[in-house]
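Enquirer: One structure follows; several queries about it will come next.
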Amino acid sequence: MADTLDDDAVAERLRGLPAWHRDGDAIRRRVRAPEFLTGIDIVTDVARAAEDADHHPDIDIRWRTLTFTLSTHSAGGITGKDFALAAAIDEIAARHGAE
């Protein structure tokens, strides 16, 4: 099981991922895809990255707006696994031209 990060460590890591913010025991980002199907492509690529990492986000799809929420439920909070997947999501979103 991964160790949860304290408040200072979470704040420090969030500085490196400016599109993300803390929401309780999770980090969250909203992504706006250029088209609905591009959003679905982003979700598919994120799902593959999540499977590879064995760490899965909560994903909300609202037309072209995707919301990703990351928390390590087995650890009871935010861990390094969440930040690693957040960075992968940022790369995937950028590759698809999402904001």
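The values are calculated or read from the model by the stated rules, or taken from the named source; none is laboratory data. Being a predicted model, the structure only gives us computed values, none of them experimental. Glycine also receives a Cβ, built like all others from the backbone with ideal geometry; neighbour counts cover every protein chain displayed. To get the accessible areas, we keep the full protein, side chains included, count just its heavy atoms, and leave off ligands, DNA and RNA. Shrake-Rupley method; radii C 1.70, N 1.55, O 1.52, S 1.80 Å.
Enquirer: Sum up the charges of everything whose Cβ sits under 13 Å from the Cβ of GLY24, counting Lys and Arg as +1 and Asp and Glu as -1, but leave GLY24 out.
Expert: For residues surrounding GLY24, the net value is -3.
Enquirer: Now, a different point. Once both axes come from the Cα atoms, what is the angle between helix 36-53 and the longest principal axis of the chain, in degrees from 0 to 90, rounded to 10?
Expert: Rounded to the nearest ten degrees, it is 40.
Enquirer: Let me ask another. Taking the Cα centre of region 7-96 as the origin, how large is its charge dipole in debye, to the nearest 20, when only Lys and Arg (+1) and Asp and Glu (-1) carry charge on their Cβ atoms?
Expert: It comes to approximately 360 debye.
Enquirer: How much of the accessible area of the chain, probe 1.4 Å, is carbon plus sulfur, in whole percent?
Expert: 48 percent
Enquirer: Pairing the Cα long axis of helix 80-95 with the longest principal axis of the chain, what angle in degrees results, from 0 to 90 and rounded to the nearest 10?
Expert: 20 degrees
Enquirer: Continuing with this model, one more query. Accessible area per residue, 1.4 Å probe, Å², for region 7-96: what's the number?
Expert: Per-residue accessible area for region 7-96 comes out at 54 Å².
Enquirer: Between ASP23 and ASP7, what is the label-point separation in nm under the 7 Å Cα-to-beta-carbon projection?
Expert: 2.1 nm
Enquirer: Still on this structure: Taking square-rooted eigenvalues a ≥ b ≥ c of the alpha carbon gyration tensor, is region 17-64 rounded, prolate or oblate, where a/c under 1.5 means rounded and, failing that, a/b exceeding b/c means prolate?
Expert: oblate
Enquirer: Of ARG95, ARG15, which has the most accessible area with a 1.4 Å probe, and how do the rest follow in descending order?
Expert: Order by accessible area, largest first: ARG15, ARG95.
Enquirer: On the full set of protein chains, 1.4 Å probe, figure out the accessible area of TRP20 and give it in Å² to the nearest 10.
Expert: 10 Å²
Enquirer: Can you give the accessible area of GLU91, probe radius 1.4 Å, in Å² rounded to 10?
Expert: Counting only protein heavy atoms, the figure is 90 Å².
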